[in-house]
Amino acid sequence: MARGQGRPGMHVSQGGTVAGPSQVEVQNLIGMMQAGQHREVANKAKKLLKKFPEALILYNLMSAAQLSQENFSGAVITLEKALALKPDFVDGEYNLAIAYMNLERLDEAISHFENVIRQKPDLAEAFNNLGATYLKLNRQIAAVENYEKALELKPDFVPAIRNLGAALRDLGRLEESEKWLTKLTLLQPRFAAGHYSLGMTLKELGKTDKAFSCFDAALKLDPEMREVNYEFAIIYKANGEYEKAVEAFDKVGTVDSRVRAMEALLEAGKRQELLDRLASINEAEPRNLRASALSAYVSHQYEIENTHPFCTSPLDFVSIYNTQSEPGYNTEFLQSLMIAADDLAVVQDRNTTQGGLQTHGNLFDPVLESEVFTRLEAIVRAKLELYREEFHDAADGIVGDFPKNYTLSGWRVKLMKSGHQRPHIHAGGWVSGVFYLKIPEQMSGNEGAIAFSLHGYDYPILKQDIPEKEHVPSAGDLVLFPSSLFHRTIPFDSDEERQCIAFDVVPIRN
C-alpha cells in the first residue's frame, strides 16, 4: 500500500437491519483476516454476497482483503457497489479513497477522503492519508496542513509524525522536521525507518556525525533496509570503493540505484559490465531519466549508439522563447513574481546550488492561491505546447510519450556574486525549464549563462570534445530542455542578483 496509509477502515457492524451472515460467519472472516488469509476471505465473502447481496459487512471485509492483496481495482468495484447501497457508509468510503490513492487516481481519492472527514472529523487516519495524497501531487503545503490536523487529533500518531517530518524536510523547515522525527525515534526506538528519516534531516542540517549515527542505528535494526544501504553505497563510491558501492546499490534495487551502480562501474573502468547493464536497463526502463543521461554520455565517450529511447540527442531538444510579447507581460509582472517568491521558505541546496538560495516546496501549488504564479503557469503551459509542436516529428519518447496529464513543480533560484549551479539533471521530471526574472547588468562574456552538456556528476572523461550549448539569458526568457540533460550555470562577478524560476513537468500516472 502507499506510504502514509493508515488502517483500511474495517468495520464489523451489521449495518442496520439488513439480512446478513451470522455473527459466527462474520467472526470467522475477521479471524481469517487477522491470520493473513486475505485471498480466502475475499473468496468466502464473495460467495456469501450471493446469498446476502446487501450485507455491508461483507463488502467491507472483502474490500479490506482486496486492499491487503493490493488488488486495488477489485476493491474499487466492491466498494462502489457498497456505496450504491448505502451512500453514507463511511468506512467503505474510506477504503475506497485508499484504493483510489494507490491507483494514482488522486483527485478521486481527495474527494472521497474529504467526504469521510465531513462525516468523521475526528478520524486522524483520514487526514494523514489525505496529506499523503496531496504529497503525491507535489502539494507539500497542503500535505503538511493535513498531517498537522491528524496530530491535533492523535498527538502520538506515528504514521503522521513520520510523514510530517519528511514533508517539513522537503519544505526546508529542517529544525521543525528534526523536532518531529526525534519524537518519532523516542516513541518507537526500534523503528529503523524513523532513525533513517531523522538521519536525512540531520544530514541536510549539516550535522554529519549525528546523521551517520542515525543511519548506523537504522542498519543495525534492519540490515536489508534499502534507504540506508543507499546512503552507505554513496559513501563507498565517494571513497573509491567501487566494488562495495556496486554491491550496496544492487542491494537497494531501485530505479535510481541501478543507474548509480552503473556510474560506479564507469568510474571503475568496468566497460563491458557497464555496457551489459546499460543495454538491459535501456530496454526495460524507457522512462529512467538518469539512465538516459548516462547512456547519452557513454555513447559519446565510447563512440557507440545511444539506445535509450527517451532522448537520444538531448542537446538538439533545447529551445529558447522570449515571453516579452505575452499578454500581461511587463517588468511589474517580473517584480511581482520575485516578491511572491520572497514569501516562501528558502534553503541552501548544498548539492547543486553554490552561493545562492532556492525556495522549497512547489510555487505552483494551488494552496498558495497566488495570482502571479498562476499567470506564469499559463505562460509555461502555452510554451510547452509550442515545444511539443516544434519536435512533433521526433521519434524520441520525450515527445511521443509526452504525459497526457502532468503537474508543474517550480522553485525560485537566487544566485549572488560568484554563485552558480553544478551540473545536474531532474530525474523526476520530463521536460524542465527556466524562466528568468532578473539578470545582472554588469556581466561580461558568458557570465551567468546556462550551459548544457552530456557531462555531469563528475563522470570520468575519456574523450575530451564533449559537446555543449550555452545561452546568456535576458529577463523574460524561457528555456525548455529534456529533464535528462545536464545543465549548470556559469559564475558571474557582479554584485547584483541573478533570479529565475526553475520548473519540471511531472507526469501524473493514470
Starting from the Cα gyration tensor of region 270-408, take the square roots of the eigenvalues, sort them a ≥ b ≥ c, and report rounded, prolate or oblate (rounded when a/c is under 1.5, otherwise prolate if a/b is larger than b/c, else oblate).
prolate
Within region 269-311: backbone nitrogen closer than 16 Å to the residue 391 label point (7 Å, Cα to C-beta):
286-297, 306-311
So for region 285-330, considering every pair of alpha-carbon atoms, how many percent are separated by more than 18 Å?
44
Compute the length gained on full extension between residue 238 and residue 465: take 0.36 nm times their separation in residues and subtract their Cα-Cα distance, giving the result in nm to one decimal.
79.1 nm
Tell me, what ³J(HN,Hα) does each residue in region 407-419 have, in order and in whole Hz, if you take phi through Karplus 6.51 cos²θ - 1.76 cosθ + 1.60 with θ = phi - 60° and put x for Gly and Pro?
10, 9, 10, x, 8, 8, 10, 10, 10, 9, 3, 6, x
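With viscosity set to 0.692 mPa s and temperature to 37 °C, compute the Stokes-Einstein D of region 381-469, Rh being the Kirkwood radius across alpha carbon pairs; µm²/s, no decimals. Don't skip to the end; give the middle numbers.
On the way: Rh = 16.4 Å.
Estimated via Stokes-Einstein, D reaches 201 µm²/s.
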Taking 303, 125 and counting other beta carbon atoms within 10 angstrom, the fewest-first order is 303, 125
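Set the bar at 28 Å for Cα to Cα. Now go through 47/86; 44/154; 179/404 and name every pair that lies beyond it.
As for pairs spanning more than 28 Å Cα to Cα, those are 44/154; 179/404.
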Translational diffusion coefficient of region 315-507 at 20 °C, 1.002 mPa s, Stokes-Einstein with Kirkwood Rh over Cα pairs, in µm²/s as a whole number.
125
How compact and how long is region 80-136, expressed as Rg and Dmax of its alpha-carbon atoms in Å?
10.4, 32
Which value, in debye to the nearest 20, gives the size of the charge dipole of the chain about its Cα centre, when Lys and Arg are +1 and Asp and Glu are -1 at the Cβ?
1820
100, 242 arranged by Cβ crowding within 10 Å, fewest neighbours leading:
242, 100
So what is the relative contact order of the chain, in percent, for Cα pairs below 8 Å that sit 6 or more residues apart?
11
Multiply the residue separation of residue 43 and residue 418 by 0.36 nm, subtract the distance between their alpha-carbon atoms, and state the gained length in nm to one decimal.
128.4 nm
In Å and on Cα atoms, what radius of gyration and Dmax does region 240-296 show?
10.4, 29
With everything on Cα atoms, drop me the angle between helix 331-342 and the longest principal axis of the chain, reported from 0 to 90° to the nearest 10.
50
With 10 angstrom as the radius, rank 88, 222, 365 by how many other C-beta atoms surround their C-beta, starting from the fewest.
88, 222, 365
What nm distance separates the two modelled labels at residue 187 and residue 120, each placed 7 Å from Cα along Cα→Cβ?
1.8
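Beyond 25 Å, what share of the Cα-Cα pairs of region 1-120 is found? Please give it as a whole percent.
Above the 25 Å cut-off, region 1-120 has 16 percent of its Cα pairs.
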Based solely on its DSSP helices, what 222 nm [θ] is calculated for the chain when runs of n ≥ 4 H residues each add -39,500 (n - 2.57) and the sum is averaged over all residues, nearest 500 deg cm²/dmol?
-16500 deg cm²/dmol
Cα→Cβ-extended label distance, 7 Å offset, between residue 303 and residue 283, nm:
2.6
In percent, what relative contact order does region 142-275 have, based on Cα pairs under 8 Å that are 6 or more apart in sequence?
13
Find which of 67, 376, 109 sits farthest along the positive direction of the dipole of the chain, computed with +1 on the beta-carbon of Lys and Arg, -1 on that of Asp and Glu, about the Cα centre.
67
Please go through region 170-250 and write out the GluC sites (Glu not before Pro) that DSSP classes as loop and that have at most 12 other C-beta atoms within 10 Å.
224
Rounded tilt (10° steps) of 72-85 against the dominant C-alpha axis of the chain:
50
Round to the nearest 10 and give me the degree value, 0 to 90, for the angle of helix 242-252's Cα axis relative to the longest principal axis of the chain.
30
Starting from the Cα coordinates of region 67-191, work out the convex hull volume and express it per residue in Å³.
99
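For the chain, divide the Cα radius of gyration by the Kirkwood radius and give the resulting Rg/Rh value with two decimals.
1.01
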Inter-probe distance in nm under a simple model that places probes 7 Å from Cα toward Cβ, at residue 320 and residue 85:
6.6
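Values quoted throughout were computed directly from the atomic coordinates according to the rules given, and no laboratory measurement underlies them. These numbers were taken from a predicted model, which means no experiment stands behind them. We place every Cβ from the backbone using ideal geometry, glycine too, and count neighbours over all the protein chains shown.
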